[in-house]
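*Asks:* Structure below; questions to follow.
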Amino acid sequence: MARHGIVMTTNASIISSSVSISNFIIIIIIIIIIIIIIIIIIIIIIIIITITITIIIIIIKIIIIIIINIIIMIINVI
């Protein structure tokens, strides 16, 4: 009986350790997925910021060109 009990406890400990290892692997996978998602979000935010900055710069250049043209037209009229 004693040997049977020892075998049962060793089997139980092996099963519990394998379960904890699989849980650990699942946690690592979840952490990796979260990190990848955060990196993707940061990249998207950077792309959006650069696009908006370039659009703002283009709009400012267009406005400056229009103002310069208006000034040149006024000077030509005078």
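*Asks:* In whole Hz, what ³J(HN,Hα) sequence does the stretch 54-69 give by Karplus (6.51, -1.76, 1.60; θ = phi - 60°), x for Gly and Pro?
*Replies:* Along the stretch 54-69, the couplings run 5, 4, 4, 4, 4, 4, 4, 4, 4, 4, 4, 4, 4, 4, 4, 4 Hz.
*Asks:* If each residue of separation counts as 0.36 nm, what is the full-extension length gain between I38 and S22 once their alpha-carbon separation is subtracted?
*Replies:* Numbers: separation 16, 0.36 × 16 = 5.76 nm, distance 2.43 nm.
Separation in residues times 0.36 nm, less the Cα-Cα distance, equals 3.3 nm.
*Asks:* Tabulate in residue order the Karplus-calculated ³J(HN,Hα) for the stretch 22-30, using 6.51 cos²θ - 1.76 cosθ + 1.60 with θ = phi - 60°, rounded to whole Hz; enter x for Gly and Pro.
*Replies:* The phi angles translate into 5, 4, 4, 5, 4, 4, 4, 4, 4 Hz.
Throughout, read-outs are computed from the coordinates displayed, never taken from laboratory work. The model shown is predicted, which means the values in this text are computed figures rather than measured ones.
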